[in-house]
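**Q** Below is the structure I would like to discuss, written out as structure tokens.
Read the figures in this text as sums done on the coordinates, not as results from a lab. In this text the structure is predicted, and so the values were computed from the model without any measurement. With ideal geometry, Cβ positions are generated from the backbone for all residues, glycine too; neighbour counts draw on all protein chains shown.
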Amino acid sequence: MNFGFTEEQDLLRREVRKFLDAQCPLEEVRKLMETPDGFSRALWKQLGELGWLGLTIPEKQGGAGLGWVDLVVVLEEMGATLFPSPFLATTIAAAALREAGSDAQQARWLPSLADSSCIASLAFLEPSDRWDAAGVALAGRAQGKGVVLSGEKVQVLDAPSADLFVVAFRSGNAISLAVVERNAAGVTVEATPSIDQTRRVGRVRFENVAVAADAVLSEASEATLARVLDLATAAVTAEVLGAAGAALQITVNYAKQREQFGSPIGRFQGVKHPLAEMLVDVESAKSILYYAAWCLDERDPDAARAVSLAKAYASEAFARIGVDSVQLHGGVGYTWEYDPHLYLKRSKWARPAFGDSDFHYDRAISIGEQ
């Protein structure tokens with residue numbers, strides 16, 4: 001069995017890296033952080049033209065029909081440059097539509113996600129701060145063949161820019177998903193502060209929002225929602241690993257250049273030992289994530305446990321790497337002129353996203369005991 005990436009995946013990685021280095025280096029990221037949208041609409045259109053927005057969308061819906069391992073390749077590179085765009089949000093929403101929607105529903109919405117004409121986001125988390133079905137309290141009251149939604153969602157990825165939301169709601173004891181357009185009557189979107197300026201989030205309120213029957217995803221269930229969350233968690237973890245690896249590389253480069261007592265500081269044990277530990281963390285987390293992504297593609301029974309282990313380990317490792325990167329810059333990494341603080345902020349955002357390490361370690365143990 002070949003545990004490495006294919007030639008096509010390696011080529012995809014090189015092309016993504018080449019594009020981001022040319023079109024959105026950290027200097028450009030800093031500029032985009034200050035804009036109202038927080039991302040470039042022109043670059044967003046290019047992502048659609050390159051086919052990356054449709055990477056995991058079926059071919060018959062305008063996508064490439066590839067898997068989550070291929071997506072990990074792209075997200076690692078985007079994480080490395082802290083690329084600001086709704087790519088992650090739209091990809092997760094597309095996964096929800098693919099997993100829970102009928103053929104007709106997929107044909108209705110997925111093509112517009114693949115060609116960049118529509119930005120979408122999964123609206124799941126509520127003020128309870130629970131990343132499982134028990135945390136879904138937003139009510140769906142039956143009205144004719146459709147439902148009326150009332151409640152709110154928080155920390156919705158790229159909510160300020162989203163055109164539609166895939167919303168988790170509760171109807172009695174059942175969990176379901178519905179597609180709601182941003183301009184629907186009763187929908188209110190509010191941008192909320194984020195420690196990471198490269199990652200925009202928002203609160204979405206639903207006040208008696210009428211949803212037609214054909215916008216309620218027909219295949220949605222608690223099991224389907226759990227798989228969607230696993231896919232989303234793996235995607236976030238891929239970005240985490242890319243960012244952690246980039247933070248490490250930036251610090252290694254600094255350690256080679258910065259001199260103290262007539263020698264590069266990278267020669268001192270107090271510097272090279274932490275760098276070695278950072279490398280071990282990054283490589284270990286990669287191994288777990290790659291396995292988890294393979295399990296998701298193969299629908300292996302071990303997928304949920306593997307995803308939780310990957311997110312738990314990567315969240316803790318990236319937080320340590322973020323802090324160590326700043327410290328190994330002699331503290332100046334906190335200053336605006338240096339880049340390490342950007343990665344530290346991303347680690348702070350990513351740690352609780354789709355469940356923190358405590359949640360996922362507990363979940364992995366629970367799954368292992370079943």
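**Q** What is the set of long-range amide H partners of Leu138 at a cut-off below 5 Å, with H atoms built 1.01 Å from backbone N?
**A** Amide H neighbours of Leu138, under 5 Å, 5+ apart: Arg170.
**Q** Another question, then. Which of Val280, Val216, Val73 ends up with the largest GNM mean-square fluctuation for the chain, with Cα atoms connected below 10 Å?
**A** Evaluated over the chain, the most mobile residue of the options is Val280.
**Q** Could you give the distance between the Cα centres of segment 85-158 and segment 1-60, to the whole Å?
**A** Cα centroid to Cα centroid, the span is 23 Å.
**Q** With the dipole of segment 168-311 worked out from charges on the C-beta (+1 for Lys and Arg, -1 for Asp and Glu) around the Cα centre, which of Ile250, Ser263, Leu177 lies farthest toward the positive end?
**A** Of the listed residues, the answer is Ser263.
**Q** Let me ask something else about it. Rounded to whole Hz and in sequence order, give me ³J(HN,Hα) for segment 242-248 from the Karplus expression 6.51 cos²θ - 1.76 cosθ + 1.60, θ = phi - 60°, writing x for Gly and Pro.
**A** x, 5, 4, x, 5, 4, 4
**Q** Which order do the peptides 141-148, 223-230, 358-365, 322-329 come out in when sorted by mean C-beta neighbours inside 10 angstrom, highest first?
**A** Put in order of decreasing packing, that is 322-329, 223-230, 358-365, 141-148.
**Q** While we're on this one: How large is the convex hull of the C-alpha atoms of the chain per residue, in Å³?
**A** Residue-normalised Cα hull volume stands at 139 Å³.
**Q** At a 10 Å Cβ-Cβ cut-off, how would you order Ile250, Ile367, fewest neighbours first?
**A** Ile367, Ile250
**Q** Additional query: One-quarter of the Cα convex hull surface for segment 1-77, in nm²?
**A** Across all orientations, segment 1-77 yields a mean hull projection of 6.1 nm².
**Q** Also: Average projected area of the Cα convex hull of segment 159-248, in nm²?
**A** Its average projected convex-hull area is 7.4 nm².
**Q** Oh, and also: For segment 120-199, would you read off the P(r) tail past 15 Å as a percentage of all alpha carbon pairs?
**A** Counting pairs separated by more than 15 Å, the tail of P(r) holds 56 percent.
**Q** Per-residue HN-Hα couplings for segment 113-127, Karplus 6.51 cos²θ - 1.76 cosθ + 1.60 at θ = phi - 60°, whole Hz, x for Gly and Pro?
**A** These are the phi-based 3J(HN,Hα) values: 6, 6, 9, 6, 6, 9, 10, 10, 8, 7, 9, 10, 5, 10, x Hz.
**Q** For Asp158, which sequence-distant residues (separation of 5 or more, or a different chain) have an amide H within less than 5 Å of its own amide H, given hydrogens modelled in the peptide plane?
**A** Arg200, Val201, Gly202
**Q** What are the ³J(HN,Hα) values, in whole Hz, obtained from phi via the Karplus relation 6.51 cos²θ - 1.76 cosθ + 1.60 with θ = phi - 60°, for each residue of segment 210-224 in sequence order, with x given for Gly and Pro?
**A** Each residue of segment 210-224 in turn: 7, 10, 5, 4, 6, 9, 8, 5, 5, 9, 6, 7, 5, 5, 5 Hz.
**Q** Right, something else. For each of Thr81, Thr188, Thr251, count neighbouring Cβ atoms within 10 Å of the residue's Cβ, then give the residues from fewest to most.
**A** Thr188, Thr81, Thr251
**Q** Could you list the chymotrypsin sites (Phe, Trp or Tyr not before Pro) in segment 225-323 that lie in coil according to DSSP, counting only those with at most 11 other Cβ atoms within 10 Å of their Cβ?
**A** In loop regions of segment 225-323 (DSSP not H, G, I, E or B), the sparsely surrounded chymotrypsin sites (Phe, Trp or Tyr not before Pro) are Phe261.
**Q** So what does log10 I(q)/I(0) come out to for segment 222-369 at q = 0.10, 0.15 Å⁻¹, using the Debye formula with one equal point on every Cα and no solvent?
**A** Scattering profile of segment 222-369, log10 relative to I(0): -0.38, -0.73.
**Q** Given 0.36 nm per residue, what is the gain on full extension from Glu337 to Ala212 after removing their alpha carbon distance, in nm?
**A** 39.9 nm
**Q** Next question. Check Gly146: other-chain or 5+ apart residues with amide H under 5 Å from its amide H, H built from backbone geometry?
**A** Residues meeting the criterion, in which the H sits 1.01 Å from N, are Ala213.
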